[in-house]
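Accompanying notes for the structure given below.
Bear in mind these aren't lab numbers, they're just calculated from the coordinates by the rules spelled out. In this text, all values refer to a predicted model and were calculated from it rather than measured experimentally. Backbone-built Cβ (ideal geometry, glycine too); neighbour counts: all protein chains shown.
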Amino acid sequence: MPAKRELPSTLERSPKEAQETWIKAHDSAVQTYGEGERAHRTAFSALKHSFEKVGDHWEPKAKKGPSDAQAARSTPSKGETAEGVDANASKQHLYEIATRLGVDGRSKMTKEELVEAIKKANRRASAKAR
């Protein structure tokens, strides 16, 4: 499988189901669009329907569905994403993820602020894990 060689590091630390979802979507997208950024965007969009990024890895979501407006598109384009954070989740769920990641000031944050804070915490955790 070509995608197995290109597996992002965050997926290497994730459950096998997340890896298989990304690989299957990536290989299909390569057949449709060719190798490159579009195939990667498509694979991540498919991944975000069932998994969310927590720290340096991906975890299964309680409820399947797109995690942000970008993931909801049938063919994702370049643009702003929630970077794997389930922006469509409840504020309570986002608060719990922020607690696990040790986000300071989370109790006073709005839902949008929680999404941004989790994105930053995820970036830090991924960079540290590399």
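Here the label points at Ser50 and Ser107, each 7 Å from Cα along the C-beta direction, are separated by 3.8 nm in the simple model. Considering the stretch 2-129, its Cα convex hull presents a mean projected area of 7.4 nm². Here each label is just a point 7 Å from Cα along the line to Cβ, and for Arg5 and Glu80 those points are 3.7 nm apart. Using C-alpha pairs under 8 Å with a sequence gap of at least 6, the mean separation divided by the residue count of the chain gives a relative contact order of 21 percent. Rounded to the nearest whole Hz, the Karplus-based 3J(HN,Hα) values (6.51 cos²θ - 1.76 cosθ + 1.60, θ = phi - 60°) of the stretch 12-25 follow the sequence 4, 9, 10, x, 4, 4, 5, 4, 5, 4, 5, 4, 4, 5, with x at glycine and proline. Taking label points 7 Å from Cα along the Cα-to-Cβ direction, Ala127 and Glu37 give a separation of 2.2 nm.
Across the stretch 53-66, rounded Karplus estimates of 3J(HN,Hα) from the backbone phi angles (6.51 cos²θ - 1.76 cosθ + 1.60, θ = phi - 60°) give 7, 10, x, 9, 8, 10, 10, x, 7, 5, 10, 6, x, x Hz, Gly and Pro being marked x. For Phe51, the amide hydrogen comes within under 5 Å of the amide hydrogens of Lys61, counting only partners 5 or more places away or on other chains and with H modelled in the peptide plane. Would you list, by chain and number, the aspartates and glutamates whose Cα falls below 12 Å from the Cα of Lys64, excluding same-chain residues fewer than 8 positions away? Once the sequence-local aspartates and glutamates are set aside, what remains near Lys64 is Glu52, Asp86. Straight-distance candidates among the lysines for linking to Lys120, with alpha-carbon spacing under 16 Å and chain neighbours fewer than 8 residues away dropped: Lys53, Lys111, Lys128.
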